[in-house]
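Beneath this line is the structure, given in structure tokens, with notes to follow.
The values are calculated or read from the model by the stated rules, or taken from the named source; none is laboratory data. Computed from a prediction, not measured in an experiment: that's the story for all the values here. Here the Cβ positions follow ideal geometry from the backbone for every residue, glycine too, while neighbour counts run over all protein chains shown. Ligands, DNA and RNA are stripped out before the accessible areas are found, and what is left, the full protein with its side chains, is counted by its heavy atoms. Shrake-Rupley method; radii C 1.70, N 1.55, O 1.52, S 1.80 Å.
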Amino acid sequence: MPDRNATVDSAARQRIIESAITLFARDGVDGVPLRELTAHAGVNLAAVNYHFGSKEALAKIVFEELSKRVNQRRLKRLEQLLAQADEEGRAPRLEDIVTSFIEPYVATEYVDEGRLLARLILRHRLTPTDMTSKLMRKHFDPMAKKYIAALAAACPDVPGDEFYWRYTFMVSTVVLTVTDRSSENRLVKLSGGAADPSDPNKLIAAMLRFVCGGMRADAERTDASGTGG
């Protein structure tokens, strides 16, 4: 028979992780008191120390779990798109590839995970640590290389090495847009509310237009002066 205590412990541990994802996405790791986290998860304070050792250790496990979960989901969808294209004897569709990359950040069912993941990437860009560097090497670099290859396959008229640039620009576009969720959201203020990133369907559609346009753009070779070769 399964060990009931082990099952209860496992369920409590997972509730703590899921609560941490929700609250860290909303307020950041430093903005979530431990008592608020444990109340949200329905556990006592001792449970965090029992399962993780400390709030800092919990944050590391949350980011590891989140990176693994989101990128596995994303790669599964990418592999399905590539397999379908191969079966039908055609190039993969650019819009499908880009959508599979964007959706985990902004789709309603993934909103907490996407927001927290974007914060992790932004944090790594601004102040990389051993933890974020290890996560990037383990979970993000292999995924990035597969996406770069898929983007190149979808745009055969563009030199393949261009997509190292374009993939990085795509990531920056998504991360900076998703992480700006404050009441002072710059996009909302500039547009007078006409452009509202809180609507996931409009956000995905706008990102698709922008990112796919950039991916398909002609790659002009320029000299050092930028005037064209």
**OP:** Might you check whether a residue that is out of contact with any Lys or Arg (no Cβ under 8 Å at 6 or more places or on another chain), exposed (fewer than 12 other Cβ atoms within 10 Å of the Cβ) and touching a residue at least 40 places away in the same chain (Cβ under 8 Å) occurs anywhere in segment 147-156?
**Re:** yes
Residues of segment 29-75 being aliphatic (A, V, I, L, M), within 22 Å of the chain's Cα centre (by Cα) and open to solvent by 40 Å² or more (accessible area, probe 1.4 Å), in sequence order, are Ile61
Reported set for segment 96-114 where residues are open to solvent by less than 50 Å² (accessible area, probe 1.4 Å), under 13 Å from the mean Cα position of the chain (by Cα) and of a type outside the set (Asp, Glu) is Val98, Thr99, Ser100, Phe101, Ile102, Pro104, Tyr105, Val106, Ala107, Val111, Gly114
Exception for Asp196 within (1) open to solvent by less than 80 Å² (accessible area, probe 1.4 Å); (2) modelled with pLDDT of 90 or more; (3) not hydrophobic (A, V, I, L, M, F, W, C) falls at (2)
Exactly one of Leu117, Leu122, Leu78 is under 25 Å from Gly214 (Cβ atoms) and either surrounded by fewer than 18 Cβ atoms within 10 Å (Cβ to Cβ) or in contact with a His (Cβ under 6 Å, 6 or more places away or on another chain) (or both), and that one is Leu122
Counting only residues that are under 17 Å from Val111 (Cβ atoms) and not aliphatic (A, V, I, L, M), segment 149-182 contains a total of 5
